[in-house]
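Heads up: the structure comes next, in structure tokens.
The values are calculated or read from the model by the stated rules, or taken from the named source; none is laboratory data. Being a predicted model, the structure only gives us computed values, none of them experimental. Quick reminder, even Gly has a Cβ in these numbers, built from the backbone with ideal geometry, and neighbours come from all protein chains shown.
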Amino acid sequence: MIRYATAADLDAVAALHAEARATYYRGHLPESAYAGPEELARTRAGWAGAIERGAVLCAEIDGEGGEGGEIAGIAAFGERDGVMVLTQLHVAPVHWRKGLGGALHAACVEAWRAAGATAVVLEVFEKNERAQAFYAAHGWAPDPDSPRDGDHLVLRLTLAPETE
């Protein structure tokens, strides 16, 4: 099930974010840059603000025996300087290749269209080839106006009008 995150989800969202980031930054950046106490506090505060703004979607799966739900994927987005931006999209590594990322992406596209966006941008770490392949498969391409930002690639998705 895809749903909007609530304040009660903050711990699970922050933990999933930290776990996912470690998978692609480990070995490429110093651990303090993605898992140090200051970075974890900064990103937790960022997630709290995004949840408060209603800008975080969660992919929730049933727990053991159908008990409770587990947040297995998260996505955050918002408008920055008049441009819609996908700021985060993570799936817990144990749940990779199960369709959760695609479901989150589809829910984001629906939300972006509802907000009137015609294009969306994101930044992806240049060494995160798994994410780059995911985005390419979902129609993202290098942003012709600004293809790089430091060690991140900038990708753009043009939203085709909905057909009835």
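Details
- Every condition in (1) surrounded by fewer than 14 Cβ atoms within 10 Å (Cβ to Cβ); (2) touching a residue at least 12 places away in the same chain (Cβ under 8 Å); (3) under 26 Å from His28 (Cα atoms); (4) small (Gly, Ala, Ser) is met by Ala131 except one, and the failing one is (1).
- For first residues located in segment 6-32 and without any contact (Cβ under 8 Å) to a residue 60 or more places away in the chain, partners that are of a type in the set (Val, Ile, Thr) and lie 6+ apart or on another chain with Cβ distances below 8 Å form the pairs Thr6/Ile51; Ala7/Ile51; Leu10/Ile51; Ala12/Ile71; Ala14/Thr43; Ala18/Thr43.
- Within segment 10-24, considering residues that are under 15 Å from the mean Cα position of the chain (by Cα) and not hydrophobic (A, V, I, L, M, F, W, C), the one modelled with the lowest pLDDT: Tyr24
- Those residues of segment 25-52 which are in a helix (DSSP H, G or I) and either in contact with a Ser or Thr (Cβ under 8 Å, 6 or more places away or on another chain) or at pLDDT below 75 (or both), in sequence order: Tyr25, Glu31, Ser32, Ala33, Tyr34, Ala35, Glu38, Glu39, Ala50, Ile51
- With respect to the conditions (1) out of contact with any strand residue (DSSP E or B) (no Cβ under 6 Å at 6 or more places or on another chain); (2) of a type outside the set (Asp, Glu); (3) under 15 Å from Phe125 (Cβ atoms), Gly36 falls short on a single one, namely (3).
- Complete set of residues in segment 144-163 that are surrounded by 11 or more Cβ atoms within 10 Å (Cβ to Cβ), in a loop (DSSP other than H, G, I, E, B) and aliphatic (A, V, I, L, M): Leu159
- Scanning segment 56-77 for residues that are surrounded by fewer than 20 Cβ atoms within 10 Å (Cβ to Cβ), under 16 Å from Phe134 (Cα atoms) and modelled with pLDDT under 90 turns up nothing.
- Only one of the numbered conditions (1) surrounded by 18 or more Cβ atoms within 10 Å (Cβ to Cβ); (2) more than 19 Å from Glu19 (Cα to Cα); (3) polar (S, T, N, Q) is not met by Thr118, and that is (1).
- Candidates Val85, Val121, Val109, Val94, filtered to the one that is part of a helix (DSSP H, G or I), at pLDDT 95 or above and either within 21 Å of Ala14 (Cα to Cα) or of a type in the set (A, V, I, L, M) (or both): Val109
- Any hit, segment 82-103, residues being of a type in the set (Phe, Trp, Tyr), without any contact (Cβ under 8 Å) to a residue 60 or more places away in the chain and touching a Lys or Arg at 6+ places or on another chain (Cβ under 9 Å): yes
- Those residues of segment 144-164 which are of a type in the set (D, E, K, R) and modelled with pLDDT under 95, in sequence order: Asp145, Arg148, Asp149, Asp151, Glu162, Glu164
- Out of Arg97, Arg80, one residue alone is more than 15 Å from the chain's Cα centre (by Cα), within 18 Å of Ile2 (Cβ to Cβ), loosely packed, with under 15 Cβ neighbours inside 10 Å and not small (Gly, Ala, Ser). It is Arg97.
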